[in-house]
Amino acid sequence: MTDMKIHRQKQSRALLSATAALALATGFATGAAAADLTSGTLHNPTAYIPSQCYTKIVDDAHRVHNPCFTCHARSRPPTWIHDDDLQMSYALPAPALKNPWTNLFRDRSAEVAATTDADILAYVRTDNYRSANGGLALSEKLADLPAGWDADGDGKWGGFVPDCRFSFDAEGFDRDPAGTPTGWRAFAYAPLPGGFWPTNGSTDDVLIRLAEPYRQAASGSTDLAVYKLNLAIVEALITRRNVPIEATDETRYGVDLDRDGSLGTATHVTYDWAPLDGRDMSYVGAAKALQENGEAPLAAGLYPLGTEFLHTVRYIDIDDATGEVKMAPHMKEVRYMVKTRWQTYADREEGHLAEAKERTDFPDRIAMFFGDTEHGISNGTGWRLQAFIEAADGSLRPQSFEETVFCMGCHGGVGVTDDDVFAFSRKLGANAHNGGWYHWTQKGLRGVPDPIRTDGEPEYAYYLKNNGAGDEFRNNSEIIEKFFDDNGTLRPEMLDALKDDVAVLLYPSAERAMTLNKAYRLIVREQSFSKGRDAVVAPPKNVYRDASDADEENAPYVAGSQPLGAPYARRRAAASSATGE
């Protein structure tokens with residue numbers, strides 16, 4: 001071991017000791033008390049680094065497993081994080097080397113066994129988003145703000161107020177009781193491989209809402225046709241592909257949507273954005289006028305200003321008629337993000353390069369975040385994030401500052417995202433039901449085919465092949481037994497079934513679903529989210545408690561391993577022609 005390595009390990013242990021002392025002094029070690037929603041103190045200073053980053057990538061037989069490529073990848077502009085080197089490395093800052101997610105190491109098997117299926121089913125079927133009178137429970141409570149939720153002490157709530165009714169029409173638009181669209185639109189997507197698969201403990205959904213001008217005609221009146229077109233334009237910009245639309249008279253909007261050089265009838269939005277070559281795209285309606293005035297910038301890979309995303313994370317319910325799993329009414333979390341500031345390509349590249357330089361120059365320096373429970377936290381690249389989570393009684397409450405920092409590492413700190421967002425670039429396309437515009441309560445994952453990567457490989461099969469399991473911790477024995485033989489080889493018949501139906505992989509058995517529901521509710525009752533949110537019954541063996549020596553131990557086995565590519569285009573030559581680089 002080099003002198004530099006020894007010196008860094010001594011520094012690391014000193015920093016870890018200081019961090020542990022601070023945690024004990026502030027109560028992080030017990031974690032039984034409810035979170036202080038007015039505090040800006042981080043008891044876990046690296047809460048932005050998720051538990052999955054402590055996965056052991058080399059098993060006892062010295063085989064290498066790589067689940068890390070799903071997040072850490074060579075980026076496509078306008079993201080320049082390029083963190084695919086982290087697939088085979090634990091480049092953690094010193095305060096993070098000791099795993100702070102200690103809920104992973106709790107054995108909850110006795111408590112889970114003591115919970116009946118009837119009890120947990122009744123719980124997950126209770127709607128904690130709506131009030132008894134059919135209103136929205138959080139919006140009603142925020143209107144009469146509890147003192148403990150008032151982070152800035154002004155007596156009123158200054159952050160996001162949930163307003164989605166989760167009442168969807170045939171096109172995925174959310175509507176209020178009077179039938180008026182709220183602006184939210186649900187979309188179906190291929191869940192990111194790993195922890196967000198339902199088989200690993202949660203169901204979830206994602207909705208998008210563009211700012212008002214993108215929903216309005218040039219006259220300023222609400223126009224659903226305009227809104228649908230602008231959503232299609234955003235989809236083309238984010239996915240970098242053409243998007244089919246209903247036959248549209250382009251003369252009505254004054255925009256050549258299909259980029260054929262004339263205003264006629266368009267049946268698709270053509271992705272054709274290369275401004276340095278004189279090729280640009282345009283929004284329609286009121287947003288078009290704003291764009292022409294420089295107030296609504298447009299660029300490939302970037303969402304327009306004011307874009308909002310709503311993401312609910314839920315328990316797993318069971319369909320009594322079929323025995324198949326489905327999305328539960330009871331929500332674990334309500335997550336929200338809104339784009340408040342525009343960054344150009346140059347802004348983003350400069351920021352990402354500066355961050356890369358800082359990681360190299362000061363590898364033990366941790367990230368800093370600013371904000372509060374009430375107003376959320378900025379991710380530094382134009383988005384503000386805020387969320388609500390279960391209280392001990394199962395109702396929803398605002399997340400604490402620390403609980404919100406938990407969200408920040410993924411939304412702004414990994415290479416695979418487009419404009420710091422995961423789901424929309426994974427939206428199901430034209431061949432899917434209703435073009436991918438629907439909510440999971442309208443149609444589930446059954447019958448959705450395995451997505452095809454840019455290199456032609458089925459994505460979920462590729463994940464199974466390279467990870468050797470169905471989750472980061474290789475803790476999902478149900479998938480391992482179902483998809484792998486005793487030698488760890490993928491079963492051909494299961495891969496054949498997966499090609500046409502991802503539910504054979506993503507859906508857990510009813511027994512597993514109930515077990516994971518029970519395990520997670522124990523965390524809720526403890527309010528111990530600061531120690532981790534993973535629904536595990538017994539401690540997984542493939543996770544580090546301390547990663548201080550991980551890279552050195554793994555070096556002989558990962559030597560020569562090449563980073564894996566992300567599922568969508570990461571070919572720099574192709575990106576160059578589309579962005580004018």
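The values are calculated or read from the model by the stated rules, or taken from the named source; none is laboratory data. Keep in mind that what you see is a predicted model, and the values were worked out from it rather than measured. Cβ coordinates were reconstructed from backbone atoms using ideal geometry, including for glycine residues, and neighbour counts include every protein chain displayed. Areas reflect the complete protein model, heavy atoms only, side chains present, ligands, DNA and RNA absent. Shrake-Rupley method; radii C 1.70, N 1.55, O 1.52, S 1.80 Å.
Backbone N atoms of region 205-228 closer than 16 Å to the 7 Å Cα→Cβ label point of Asn293 belong to residues 212-221.
Taking the highest mean first, how do the peptides 38-50, 209-221, 170-182, 339-351 order by number of other beta carbon atoms within 10 angstrom per residue?
On the way: 38-50: 20.0, 209-221: 17.9, 170-182: 13.7, 339-351: 15.7.
The peptides rank, most packed first, as 38-50, 209-221, 339-351, 170-182.
With all protein chains in place and a 1.4 Å probe, the accessible surface of region 110-194 carries 53 percent carbon and sulfur. A simple packing score, the average count of other Cβ atoms within 10 Å per residue, orders the peptides 357-368, 150-161 as 150-161, 357-368, with the highest score first. Remark on Phe484: its backbone amide H falls under 5 Å from those of Arg491, a criterion applied only to residues 5 or more positions apart or on other chains, H modelled at 1.01 Å from N.
Which net charge results for the neighbourhood of Glu295, defined as the other residues with beta-carbon distances under 15 angstrom from its beta-carbon, given Lys and Arg at +1 and Asp and Glu at -1? Spell out each step's value before the answer.
Details: positive: Lys288, Lys339, Arg341; negative: Glu212, Glu292.
My count for the surroundings of Glu295 gives +1.
With the cut-off at under 19 Å, measuring from each backbone N in region 322-341 to a point 7 Å along the Cα-to-Cβ line of Asp501 picks out 322-327. In this simple spin-label approximation, Arg252 and Asp154 carry label points 7 Å from Cα along the Cα→Cβ vector, and these lie 4.2 nm apart. Here the label points at Glu140 and Thr180, each 7 Å from Cα along the C-beta direction, are separated by 2.0 nm in the simple model. Quick one: if the Förster radius is 51 Å, what FRET efficiency do Arg491 and Trp342 give, using the C-beta to C-beta distance and rounding to 0.05? Efficiency, from the Cβ-Cβ distance: 0.55. If R0 equals 56 Å, the separation of the Cβ atoms of Ala218 and Ser131 corresponds to a calculated FRET efficiency of about 0.90. If the chain linking Ala61 and Ala34 were pulled fully straight, counting 0.36 nm for each residue of separation and taking away their Cα-Cα distance, it would gain 5.5 nm. Only Cα pairs under 8 Å and 6+ residues apart enter the sum, and on that basis the relative contact order of the chain stands at 25 percent. First check a/c for region 386-461, with a ≥ b ≥ c the square roots of the eigenvalues of its C-alpha gyration tensor; if it is under 1.5, answer rounded, and if not, answer prolate when a/b is larger than b/c or oblate otherwise. Judged from the Cα gyration tensor, region 386-461 comes out oblate (a/c at least 1.5, b/c at or above a/b).
Using 1/(1 + (r/R0)^6) with R0 = 35 angstrom and r between the beta carbons of Arg359 and Ala113, what's the FRET efficiency to the nearest 0.05?
Taking R0 as 35 Å, the efficiency between Arg359 and Ala113 is 0.20.
Assign one of three labels to region 72-220, namely rounded, prolate or oblate, based on the Cα gyration tensor with a ≥ b ≥ c the square roots of its eigenvalues; rounded applies when a/c is under 1.5, prolate when it is not and a/b is larger than b/c, and oblate otherwise. Oblate, since a/c reaches 1.5 and b/c is not below a/b.
With respect to the chain, whose longest principal axis is taken over its alpha-carbon atoms, helix 345-361 is tilted by about 10°.
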